[in-house]
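Here the structure is laid out as structure tokens; the discussion comes afterwards.
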Amino acid sequence: EFMQAFWNIEEVQAKGIQHLASFVKDRSAFPYLLTCTEVITLAMKTHTDSLDLQLEGCTLLLEILSQALEQGVMMALDESVASCLLHTVRKHSENEEFLSMLCTLLMMVSASEVAAENLRKVGIIPDLLSILRRFLHNDKICFSCCAVLWSLAVSENNADQAVLESAVPVTSAVLQNHLQNGVVAESACSVLWALALQGCLTDSDYEPTAALLLDALRMNPKRAVLVKNGCLALASLVRLSETAALAILLDPKGSGIELIKDECHLHFNEPGVAEALCLLMNEMVQYDEAMMGMRSQKMEKLLSEIKLQFPFS
């Protein structure tokens, strides 16, 4: 109430946020802190020029959201809060350290479908792409932004087709730059999968994107989620074009089919990986040349092994 009464006085807002932060370690205070997210974001929006207040507000929101996720509480932040966060993103779009924290906050917020939808409505996607272009070297920012993009791209009522199409080259650049960072590569593969599902790729994207996804699989063979998402993304590309199927068969760095077989054996007890591989194979057999390539690679042997491993799936 005190913060709301003196919303325009920066010192009051700063002191209020500091005082609220003192309750973070007290678990019994958590239900009350949950009700404070709106007043914290309003303070941040009203006093965007104060970087200290932005940092303290963002840190407090991260603490509250972390506790919420730990306790299985999904925070569906409303459109006004989403708008406040976007306002803050735009005001401090050059500050790498602060943006790193803010993008982590956006990632946690976007775990809620309602919050993700509100972020989409206020038009955050171009800002995320702009941040990625500017801070392509920053793995933490790339991971967070890709996680948010994935949440927004998989939304069923997506009216951002043109905006999402512009995400394809940016996401590919993230994957290319962070191929050896499994966490970032996994996040970028998920985005490319979602973009392929939404029909955002053009004819000229199929071959280079397929090659890039195969590179991600090569560099991170032990990451089951990346292997699964990489295969799902490839399956979406193959469904759209024979070019992608041929890119997998004829990859100059070695047979994509051999690579996928090896990684399936590596994660043979993972039903998600096996299912993604079967989905990819199901798309590949649309094309005669791909079918012949798979036969020459003894693909039916692996499929029989999968069938024995998961007889009830």
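The values are calculated or read from the model by the stated rules, or taken from the named source; none is laboratory data. The structure displayed is predicted, hence computed values, not measured ones. Virtual Cβ from ideal backbone geometry, glycine too; neighbours counted across all protein chains shown. Side chains included, ligands, DNA and RNA excluded: accessible areas come from the protein's heavy atoms. Shrake-Rupley method; radii C 1.70, N 1.55, O 1.52, S 1.80 Å.
When restricted to residues that are surrounded by fewer than 23 Cβ atoms within 10 Å (Cβ to Cβ) and within 25 Å of residue 82 (Cβ to Cβ), segment 165-183 contains 4. When 289, 263, 283 are screened for being open to solvent by less than 70 Å² (accessible area, probe 1.4 Å), closer than 18 Å to residue 242 by Cβ, touching a helix residue (DSSP H, G or I) at 6+ places or on another chain (Cβ under 9 Å) and among the acidic types (Asp, Glu), only 283 passes.
Please work out if residue 294 is part of a helix (DSSP H, G or I), farther than 20 Å from residue 191 by Cβ and either modelled with pLDDT under 90 or open to solvent by 50 Å² or more (accessible area, probe 1.4 Å) (or both). Yes; evaluated as a whole, the condition is true for this residue.
Taking segment 236-246 on its own, how many of its residues are touching a helix residue (DSSP H, G or I) at 6+ places or on another chain (Cβ under 6 Å) and open to solvent by 10 Å² or more (accessible area, probe 1.4 Å)? Outline the logic, then answer.
At the first step, the residues of segment 236-246 found to be touching a helix residue (DSSP H, G or I) at 6+ places or on another chain (Cβ under 6 Å) are 236-239, 241, 243-245.
If we keep only those that are open to solvent by 10 Å² or more (accessible area, probe 1.4 Å) too, we end up with 239, 241, 243.
The total comes to 3.
Scanning segment 247-260 for residues that are over 14 Å from residue 227 (Cα atoms) and either among the charged types (D, E, K, R) or open to solvent by 70 Å² or more (accessible area, probe 1.4 Å) (or both) turns up 250, 251, 252, 253. Among the residues of segment 217-225, is any within 23 Å of residue 164 (Cβ to Cβ) and either touching a residue at least 60 places away in the same chain (Cβ under 8 Å) or among the small types (Gly, Ala, Ser) (or both)? Checked against the condition, which is being within 23 Å of residue 164 (Cβ to Cβ) and either touching a residue at least 60 places away in the same chain (Cβ under 8 Å) or among the small types (Gly, Ala, Ser) (or both), segment 217-225 yields no hits at all. Only one of the listed residues (34, 102, 62) is open to solvent by less than 10 Å² (accessible area, probe 1.4 Å) and touching a residue at least 24 places away in the same chain (Cβ under 8 Å). That residue is 102. Counting only residues that are more than 16 Å from residue 236 (Cβ to Cβ), open to solvent by 50 Å² or more (accessible area, probe 1.4 Å) and in a helix (DSSP H, G or I), how many does segment 266-280 have? Residues in segment 266-280 being more than 16 Å from residue 236 (Cβ to Cβ), open to solvent by 50 Å² or more (accessible area, probe 1.4 Å) and in a helix (DSSP H, G or I): 2 in total.
For the condition part of a loop (DSSP other than H, G, I, E, B) and either of a type outside the set (A, V, I, L, M, F, W, C) or open to solvent by less than 20 Å² (accessible area, probe 1.4 Å) (or both), residue 72 qualifies. Every listed requirement among (1) closer than 20 Å to residue 140 by Cα; (2) out of contact with any Cys (no Cβ under 9 Å at 6 or more places or on another chain); (3) at pLDDT 85 or above; (4) in a helix (DSSP H, G or I) is met by residue 87 save one, (1).
Against the criterion of being over 15 Å from residue 189 (Cα atoms) and in a helix (DSSP H, G or I), residue 237 does not qualify. Each residue in segment 245-266 was checked for being at pLDDT 90 or above and within 23 Å of the chain's Cα centre (by Cα), and 0 pass.
Listed here are the residues, each with its yes/no results for (1) assigned to a helix (DSSP H, G or I); (2) closer than 21 Å to residue 105 by Cα; (3) β-branched (Val, Ile, Thr).
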position: 131; (1), (2), (3): yes, yes, yes
position: 143; (1), (2), (3): yes, yes, no
position: 147; (1), (2), (3): yes, yes, no
position: 155; (1), (2), (3): no, yes, no
position: 214; (1), (2), (3): yes, no, no
position: 228; (1), (2), (3): yes, no, no
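Looking only at segment 8-28, count how many residues are at pLDDT below 90 and surrounded by 11 or more Cβ atoms within 10 Å (Cβ to Cβ). Qualifying residue count, segment 8-28: 1.
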